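Heads up, the thing below is written out as structure tokens.
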Amino acid sequence: MRQHTMAESIGVGIVGAGSIGTTHARALQQVAATTLVAYSGGNPEVISGCGWPAARQCSADEVIDHPDVDVVAICTPSQTHASLTLAAIAAGKNAVVEKPLATTAADADRIVAAAREHGVLVAMVAQRRFEPEVAAVKQLLDSGELGEIRLAVTQVHWSRDDDYYHAAPWRTTMPAGGSLMNQGVHNADLLRWLCGPVETVTAQQATLGHDMPAEDTTVATLRLASGGLGLISTSTATPPGSPATLTLHTSRGTVELGQGEILRWDVPGVPRPASSASVTSGSADPAAIGIAGHVTMWQEVLAALREGRPCAIDAPEAARTVQLLDAIYRAADTGTQVEVSA
């Protein structure tokens with residue numbers, strides 16, 4: 001991986017300048033020594049309004065091949081993430097990929113191998129890991145101060161109406177549009193990151209509130225490598241929608257995390273960490289999610305490039321979350337217990 005100097009401006013290209021691509025454009029305005037060089041899709045007036053009037057609108061291939069683009073941000077529908085990321089890698093570009101890295105474990109493994117072969121950085125956007133209270137809980141778990149995980153439970157019980165699905169038909173397809181893969185991925189990623197590897201899963205899924213092929217409700221049980229157990233439940237069919245939560249029951253007490261806040265801290269002798277002030281929930285409206293997490297994510301990616309080190313959420317780490325989601329879907333499809341790829 002080529003190391004960039006601290007004074008060197010890093011050129012970014014956005015593939016898919018729709019809603020989430022615009023979030024990236026806005027976030028980049030708050031990141032030092034970066035320039036949005038080119039983008040595909042979207043609206044020039046919107047991108048200009050984000051502070052990038054000189055950015056060039058062109059095709060996805062042209063963004064990837066642009067000589068001044070050092071990092072390609074993949075902000076397209078989930079089922080295209082793998083192919084576009086592989087194209088960026090083949091062009092020798094670093095890539096920042098919106099969640100999920102890929103929609104199958106096999107594609108995620110291909111990305112890991114290609115990034116290693118070409119010596120480029122690939123990162124998945126997992127901005128919730130940088131929320132202060134989440135980072136503090138991770139540190140306390142790793143140090144042993146919170147004790148051992150006995151039961152981890154995450155719930156993403158959101159609501160999406162028919163207009164949401166009609167606006168982007170890919171959201172009605174599997175696995176990309178399922179509630180687990182599309183809405184639940186961030187909390188599933190947090191659970192796995194905080195609690196350690198998952199060995200096996202069982203699951204059930206259903207489509208309860210919409211007429212479409214994709215599941216809108218999934219429930220999974222997990223056996224952690226540490227010996228603890230876990231539960232993941234996701235839905236877009238639970239109006240009016242509730243903020244996502246992650247609850248950790250440990251040998252020392254109980255911690256419940258919300259969106260940018262600590263809902264419960266019941267761990268005797270361990271001080272309650274500070275919470276975020278700028279994180280909002282997308283439980284009823286996906287557009288309500290702000291840019292603070294994306295700013296922090298970009299700062300981490302660009303610091304990794306300048307320091308010549310791996311990113312905190314690099315391709316191998318991102319692939320582990322995809323492997324968990326893939327295993328849950330296979331468990332639901334087969335009605336059997338499934339081992340999660342190591």
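The values are calculated or read from the model by the stated rules, or taken from the named source; none is laboratory data. If you're wondering where the values come from, they're calculated on a predicted model, not measured in any experiment. Neighbour counts run over all protein chains shown; Cβ positions are idealised from the backbone, glycine included. Ligands, DNA and RNA are stripped out before the accessible areas are found, and what is left, the full protein with its side chains, is counted by its heavy atoms. Shrake-Rupley method; radii C 1.70, N 1.55, O 1.52, S 1.80 Å.
Structure data summary
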quantity: Which numbered condition Ser276 misses (of (1) open to solvent by 20 Å² or more (accessible area, probe 1.4 Å); (2) modelled with pLDDT of 95 or more; (3) in a loop (DSSP other than H, G, I, E, B)); calculated: (2)
quantity: Answer residue from the range 110-137, given it is surrounded by fewer than 16 Cβ atoms within 10 Å (Cβ to Cβ) and charged (D, E, K, R) and is farthest from Gly293 (Cα to Cα) among those; calculated: Glu117
quantity: Selected residue [over 19 Å from Thr34 (Cα atoms) and of a type in the set (Val, Ile, Thr)] from Ile74, Ile111; calculated: Ile111
quantity: Inter-residue pairs, beta-carbon under 8 Å, first free of Cβ contacts under 8 Å to residues at least 12 places away in the same chain and in the range 83-96, second in a strand (DSSP E or B), 6+ apart; calculated: none
quantity: Residue match in the range 6-22 (condition: polar (S, T, N, Q) and either out of contact with any strand residue (DSSP E or B) (no Cβ under 8 Å at 6 or more places or on another chain) or part of a strand (DSSP E or B) (or both)); calculated: yes
quantity: Some residue of the range 59-68 being over 19 Å from Lys93 (Cβ atoms) and out of contact with any strand residue (DSSP E or B) (no Cβ under 8 Å at 6 or more places or on another chain); calculated: no
quantity: Number of positions in the range 168-201 that are surrounded by fewer than 18 Cβ atoms within 10 Å (Cβ to Cβ) and either assigned to a strand (DSSP E or B) or of a type in the set (D, E, K, R) (or both); calculated: 2
quantity: Inter-residue pairs, beta-carbon under 9 Å, first buried (at least 23 other Cβ atoms within 10 Å of the Cβ) and in the range 27-38, second among the hydroxyl-bearing types (Ser, Thr, Tyr), 6+ apart; calculated: Ala27/Thr296; Leu28/Thr34; Leu28/Thr35
quantity: Residue check for Ala214: among the small types (Gly, Ala, Ser), in the same structural domain as Ala331 (by the TED database) and not in a strand (DSSP E or B); calculated: yes
quantity: Selected residue (criterion: farthest from Cys311 (Cα to Cα)) from residues of the range 124-148 that are of a type in the set (Gly, Ala, Ser) and in contact with a Leu (Cβ under 9 Å, 6 or more places away or on another chain); calculated: Gly147
quantity: Candidate set from the range 287-342 (those that are open to solvent by 60 Å² or more (accessible area, probe 1.4 Å), farther than 19 Å from Val12 by Cβ and in a helix (DSSP H, G or I)); member that is modelled with the lowest pLDDT; calculated: Ala287
quantity: Output for the range 60-79, where each listed residue is assigned to a helix (DSSP H, G or I), of a type outside the set (Gly, Ala, Ser) and in contact (Cβ under 8 Å) with a residue 60 or more places away in the chain; calculated: Gln79
quantity: Residues (of a type in the set (Gly, Ala, Ser), part of a helix (DSSP H, G or I) and open to solvent by 10 Å² or more (accessible area, probe 1.4 Å)) located in the range 83-104; calculated: Ser83, Ala87, Ala90
quantity: Unmet requirement for Gly119, which otherwise passes all of (1) touching a strand residue (DSSP E or B) at 6+ places or on another chain (Cβ under 7 Å); (2) on the phi > 0 side of the Ramachandran plot; calculated: (1)
quantity: Residue within the range 181-196 that is more than 30 Å from Gly290 (Cα to Cα) and either touching a residue at least 40 places away in the same chain (Cβ under 8 Å) or out of contact with any Cys (no Cβ under 7 Å at 6 or more places or on another chain) (or both) present; calculated: no
